[in-house]
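The values are calculated or read from the model by the stated rules, or taken from the named source; none is laboratory data. Just so it is clear, the model here is predicted, and its values are computed rather than measured. Ideal geometry is used to build each Cβ from the backbone, glycine not excepted, and the neighbour counts take in all protein chains shown. These area figures cover heavy atoms from the full protein model, side chains too; ligands, DNA and RNA do not enter into them. Shrake-Rupley method; radii C 1.70, N 1.55, O 1.52, S 1.80 Å.
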Amino acid sequence: MQNFTNIPENFIRELKGILVFDKSKISYLHQLAGKFPNPEEALYKYCVLPGDASRSIATNNTAGNISYSPDISVSLVDLTVANREHWYEELNRFNKFAVILISNTEMMMLGNDRFPLSITVSDAISDDGSGSDSFTLRVFGETIIEPKVYKIVPKFKVLFFIPPIL
């Protein structure tokens, strides 16, 4: 018998960052074995605002075959015209990416060269004078490799938690 508990832990597992890779950088076998790519090979790095991310990884069962459907959304608050154009040109792609989700203590790899993820960028400007305008970056897709959580390693932690040297 295995016991599970419903007592919350006292540390935060909140999403802090997302590294976006071209699907060719993460092979199916490397993801299955938990071999992470070099973080410097990432196409994009996004620092996530606290409490901003919406994350879900649903489990699907189709004719006895299990698959997983990640759906992650974060706000992009830098609204400069050049960045908007860049997001639309480079990120609005289907079945092209793999991502690594980073929290304070853990990281998770989603997508690979055989089961890539899609990214869309949506205009979330409200035009109501509230000052809460943003764009929404949505990462979604389907994969057959179960999402595994790994302890964050120093080379990934450096990207998000050590302040830049001036």
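Here are some notes:
Residue by residue, here is whether (1) charged (D, E, K, R); (2) more than 13 Å from the chain's Cα centre (by Cα); (3) modelled with pLDDT of 90 or more holds:
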{"residue": "D71", "(1), (2), (3)": "yes, no, yes"}
{"residue": "F97", "(1), (2), (3)": "no, no, yes"}
{"residue": "G111", "(1), (2), (3)": "no, no, yes"}
{"residue": "S130", "(1), (2), (3)": "no, yes, no"}
{"residue": "K155", "(1), (2), (3)": "yes, yes, no"}
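- Of the residues examined, I57 is one that is of a type in the set (V, I, T) and under 11 Å from T143 (Cβ atoms).
- Residue match in region 51-69 (condition: out of contact with any Leu (no Cβ under 6 Å at 6 or more places or on another chain), closer than 13 Å to F135 by Cα, in contact (Cβ under 8 Å) with a residue 60 or more places away in the chain and small (G, A, S)): no
- Selected residue [in contact (Cβ under 8 Å) with a residue 40 or more places away in the chain and either touching a helix residue (DSSP H, G or I) at 6+ places or on another chain (Cβ under 8 Å) or open to solvent by less than 30 Å² (accessible area, probe 1.4 Å) (or both)] from R84, R114: R114
- Residues in region 26-36 that are in contact (Cβ under 8 Å) with a residue 24 or more places away in the chain and under 15 Å from K155 (Cβ atoms): G34, F36.
A quick yes/no check of all residues on (1) surrounded by 14 or more Cβ atoms within 10 Å (Cβ to Cβ); (2) of a type in the set (V, I, T); (3) in a loop (DSSP other than H, G, I, E, B):
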| position | (1), (2), (3) |
| --- | --- |
| Y88 | no, no, no |
| K96 | yes, no, no |
| V99 | yes, yes, no |
| S118 | yes, no, no |
| G129 | no, no, yes |
| D133 | yes, no, yes |
| L137 | yes, no, no |
| I145 | yes, yes, yes |
| F160 | yes, no, no |
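- Answer from E106, E142 - the residue that is more than 19 Å from F36 (Cβ to Cβ), out of contact with any Lys or Arg (no Cβ under 6 Å at 6 or more places or on another chain) and acidic (D, E): E142
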